[in-house]
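Colleague: Encoded as structure tokens, here's the structure I'll be asking about.
The values are calculated or read from the model by the stated rules, or taken from the named source; none is laboratory data. All figures in this text were calculated on a predicted structure; none of them were measured in a lab. Cβ placement follows ideal geometry from the backbone for every residue including glycine, while neighbour counts extend to all protein chains displayed.
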């Protein structure tokens, strides 16, 4: 990903005051964001296995924003850069097989990375979802559960992108 992030005024303020309650790992990533380094540069510098999650968290909380894209970053039809946490546009007639794949992917990854009997409420919510919009509401909770585990953090970006392909 060739997106470049910069600190917002809230991010600059956080650097001075430490009032946002960021964890040391998230704060380290915020420190590295300088408006010049691409996400790939940050990935090579950071030891965080879940860099995409951390950047997404910082972006959602308003500490950083997309400054611009280096050469090959995808640009939307309206000319705006996509958020790293954004879902794909749904086709007019979503494939019900994709919804079923997402349900099973959520269930299997939670079982594998968190244990067979943990986070059953997430699995139940995924299987109760009748539309892509409803299953997208489960995404953040699922992702948080995955990155809470050591092995899940290591594969978080890969798992996240696989699930985002179908929801």
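Colleague: When region 9-23 is examined, which residues are found to be under 19 Å from the mean Cα position of the chain (by Cα) and either at pLDDT below 90 or assigned to a loop (DSSP other than H, G, I, E, B) (or both)?
Modeller: 22, 23
Colleague: Which is assigned to a helix (DSSP H, G or I), free of Cβ contacts under 8 Å to residues at least 24 places away in the same chain and either within 18 Å of residue 55 (Cα to Cα) or assigned by TED's automatic domain parsing to the domain that holds residue 26 (or both), of 137, 158?
Modeller: None of the others qualify; the one that does is 158.
Colleague: Suppose the filter is more than 18 Å from residue 50 (Cβ to Cβ), touching a helix residue (DSSP H, G or I) at 6+ places or on another chain (Cβ under 7 Å) and surrounded by 12 or more Cβ atoms within 10 Å (Cβ to Cβ); does residue 145 pass it? First the steps, then the outcome.
Modeller: Values: more than 18 Å from residue 50 (Cβ to Cβ): no; touching a helix residue (DSSP H, G or I) at 6+ places or on another chain (Cβ under 7 Å): yes; surrounded by 12 or more Cβ atoms within 10 Å (Cβ to Cβ): yes.
So residue 145 fails the test.
Colleague: Where in region 42-134 are the helices (runs of 4 or more DSSP H), entirely inside, with at least 1 residues that are touching a strand residue (DSSP E or B) at 6+ places or on another chain (Cβ under 7 Å) and modelled with pLDDT of 85 or more?
Modeller: In region 42-134, the matching helices (runs of 4 or more DSSP H) lie at 51-60.
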